[in-house]
Structures are given as C-alpha cells and as structure tokens.
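Read-outs throughout are calculated quantities, based only on the coordinates presented, and are distinct from any laboratory measurement. As the structure is a computational prediction, the values presented were derived from the model and not from experiment. Cβ atoms come from the backbone with ideal geometry, glycine included; neighbour counts cover every protein chain shown.
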Amino acid sequence: MRALVKTARGPGNMELREVAERPLDSGEVRIEVRSAGICGSDLHIYHDQINIPIRTPVVVGHEFSGQVAEIGPGVEKARVGDKVTALTAIRYCAHCRYCRSEFYNLCPDRETLGYMHNGAFAPTTIVPARNVLTLPENVDFRAGAFTEPLACCVHAVTELTGVSARDVVAIVGPGAIGLLCLQVVLTEGGRAIVYGTRDDAARLELARKLGADHTMVVDEEDALGQTLELTEGYGVDIALECSGHPDGASLALQLVRKQGKYTQVGLFGRPINIDFEQIAFKELQTTGSLGQKPTAWKRSLDLLASGKIDVHSLISHTFPLSQWQEAFATFQKREGVKLFLDVNT
Ligand SMILES: [Zn+2]
Ligand SMILES: [Zn+2]
C-alpha cells in the first residue's frame, strides 16, 4: 500500500512509499483508515524539530478514525466493521509509576503510533485491540479523527489545569489545539479570550463563532492593556499557551494574574528564552501537558457525542495523500485550521 513515510531522521526525509501490509500478531487489529488529520507535530516530525522519540522508517499520522478490517488471533473485543478510533500509546511498560496511574503518556518506554509504529497516513494501520475505542453512533469518521487532539485538550484543561465556572481563560494561539481548548474551557463554564497574530484573522473569527468572549490581534493591539481592562486590572485567571511560540509564552505569562494558572500546551521543539522568574513573582501554579491518557480519550468521545464540541467548523482542507507536500506547505503557511489527508487518493 502507498503510505507517507518519514524515511530517516533529519529535516525533510518524508515521501510516499510502498509499504507492505504485515500479517497481524496476536492481540492486534487492522483498521481501514477513513479519516486522518494532520497534526502540528506531523510538521515537526517533517522538520525533525521534535523531542518525542521517532523510529524511522515510519508511516506518520496519528489523528484518525476508521473501520476494523481484520482481527488478529486472541482478539475478542473488536469486530470487523466496527467504526473506531484508537489510543496512540502502542507500547508502554505497564509497571512504572506512570503506567500504574494510566499516565502512559509519561512512560519512559512509551512507543507512539505515527512516531515509532506505522501510523494513519496509509490505507490501513495496525493497533493493539486494547487501544481501540468504538465511535459513538452520532460521531462520524471526521469527528472521530478529532478524538486524539480533543483528548490532548481535555487532558490539559480539565485534568491538569482545572477550570472553575466564570474563570477568565486566555488562550494564546488559535490553531486547532487552541480552538479545541477554547471549547473545552466553555464546557467547564469558563470564559475565554483568544489571542492570535494578524495572520490568524480567520481563526480568530472562528474563535468568536465558537463562543470566545473576545479575541485580540497581538501584533496590532495592546493585548495586555485590553486584557487588564477586561479583568479589573488583575489579568486572566488561567493562561493556556497553545502556540508553541516563545512570544506566545511571554505574552501568556504577562496576561495571567497573580496566583493564576499557566499551562504550557504547545511545544517549542527547542529551548527558549523566557522570564521564568514571573512564576515566582506572581506565585503562579504552572503545569504543562503532553498528549493524553485513557480517561481523557473517554471524555473526549463523550464530548463529541454530546454535540457540545463543534469540530466540523475546524475542518478547512482535505488533500489527497498524493498531494501531501501541498497540504504540509498550506499548514506551514498557517492557512486553515485542521487539514485532512484522504489516504485513498
Ligand atoms: Zn496530534
Ligand atoms: Zn511505564
């Protein structure tokens, strides 16, 4: 089958290749990929600016949904034809302190789909049956492919940060993750201000449609001054840094009030310069989040089924797999929000 492969470490080194479908081992299922979204980290893998372990050659892609096509020996849970998505932690040790509390995202031996195991930018992919989650009846394949990024946001916002009703939350970076975090914040009863650059005009408009109280263009407006005005001079209760850009992190640290919460959701891919002392001066509760754990996947699916999260508005482009370069270039230019690859064309 034809798949998008990171062929070797280093910048670039990505191409469409014929990859042989291997037979299933016991406990595995083969999934026919029906929908596959491009993640910011796929772009990071392309440029080789990522600190998450990769093992090449590997088929990339980890945000997907599909239909069970074949069941390996010993699999009882899944059935051929099931509409599913799948947890991306393909292997983990299962006995370290993180695994014992289901934080498989932090297991030192974690091996991830699309990083170390062949992923979803291919007509089929293979996962352990225990990773398979059935899509609720009213969650279509497109929405199902959002389960993973939405789970990242549930993990960051609900599980790690904690939003109280009426909290004012700054969301810096209106990409797919920022706009999903926005919606999770709203389901928790928070209010949101979303920050972007002048290139983000369409994304900021979408943020307002999705329920943000305010949006600000940081390179055209006095974002800090306006935020202080909106918050009685204090600043926001919570800052979610979703841009993965050093300027975004600096801004988020300025926006958050004393005794507020700062959560790093975006990844920079390299060390950055930042006024870290602000964490002391402001007595901030600071955390970061990386990926997700099973509880977040389940809540993510529940949220998708509830209809409270609008993922379809985020879908801006679908490219055939054969035009993956154009898709990545479009994403790189920060056009659109969530881009999909059609793995069968
Ligand atoms: Zn992702
Ligand atoms: Zn472990």
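Some values worked out for this structure:
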read-out	value
Rounded to 10°, Cα long-axis angle of helix 246-255 versus longest principal axis of the chain	50
For the chain, the fraction of alpha-carbon pairs in successive 10 Å shells from zero, as %	6, 26, 35, 23, 9, 2, 0
Bins of 5 Å from zero: percent of alpha-carbon pairs in the range 153-288	2, 12, 24, 26, 23, 11, 3, 0
Helix axis angle, 201-210 relative to the chain longest principal axis, alpha carbon, degrees	90
Of G288, S313, P23, farthest towards positive along the dipole that unit charges on Lys, Arg, Asp, Glu beta carbons give the chain	P23
Contour excess over end-to-end distance, with Cα ends at D342 and L267 and 0.36 nm allotted per residue	24.4 nm
Net charge dipole size for the range 1-80 [Lys, Arg +1 and Asp, Glu -1 on Cβ; Debye, nearest 20]	60
Degrees, to the nearest 10: 294-306 long Cα axis against longest axis of the chain	80
Inter-probe distance in nm under a simple model that places probes 7 Å from Cα toward Cβ, at R100 and L290	2.0
Label-point gap, in nm, between N51 and E221 - each point 7 angstrom along Cα→Cβ	3.2
log10 of Debye I(q)/I(0), alpha-carbon scatterers only, for the range 1-75 at 0.14 Å⁻¹	-0.53
Rough spin-label spacing in nm, given labels placed 7 Å along Cα→Cβ, for I274 and T134	4.2
Cα centre as origin, Lys/Arg/Asp/Glu Cβ charges: the chain dipole, Debye	840
Rounded to the nearest 20 debye, dipole of the range 153-288 from Cβ charges on Lys, Arg, Asp, Glu	340
For the range 230-327, alpha-carbon Rg and Dmax in angstrom	17.5, 52
Theoretical FRET efficiency, 1/(1+(r/R0)^6), r = Cβ-Cβ of K258 and R91, R0 35 Å, to 0.05	0.25
Under 27 Å, Cα to Cα: Lys pairs in the chain, sequence gap 8 or more or different chains	24
